[in-house]
Amino acid sequence: MQNFEVEILKEKFSEDKNDPLWYYGEDIARIQFVNGKKLYAESRGELQVQFEENGTRFKGDNVVTEACNLNLTDKDIELLCENDLVIFNNWFAIVMVDINGECCSDDLGIAGSYDEAIEMLKEIAPEEFKEMYK
């Protein structure tokens, strides 16, 4: 039987930084199968944030950098959302790549937090393994 050990590629920053925003564009974890295929939990989407009304609009990686510089947390990001200062559509996706690193299954699962993405990766691995060896 295949061992489905999760390899953490990007450690969680802290308990109050669970949102996909903090991991923009990162692969946070993976599981490798014996046949060379890999499942990844990766952050996807778009980020645009104004940290203050009529302030500079930050995009992509710059959002993460500025949020860190301001020592913000998930709760602060929620407040920005409530005040319509955030335009982001980001999430964690579970994807599979083949032995050559080419995507062979996209969006096997969608998660809204770091913790949820790790759990989803663990749940999907046995199902995908069964599919490979039907």
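Measuring from label point to label point, each 7 Å out along Cα→Cβ, what is the E123 to D74 span in nm?
It works out to 1.6 nm between the two label points.
Using every Cα-Cα pair within the chain, state what percent have a distance larger than 20 Å.
Value for the chain (Cα pairs over 20 Å): 47 percent.
Kindly count the pairs of lysines across the range 7-132 whose alpha carbons are less than 30 Å apart, treating pairs on different chains or eight or more residues apart as eligible.
So the count of such lysine pairs works out to 25.
Values quoted throughout were computed directly from the atomic coordinates according to the rules given, and no laboratory measurement underlies them. Worth saying up front: this structure is predicted, and the values here are computed from it rather than measured. Backbone-built Cβ (ideal geometry, glycine too); neighbour counts: all protein chains shown.
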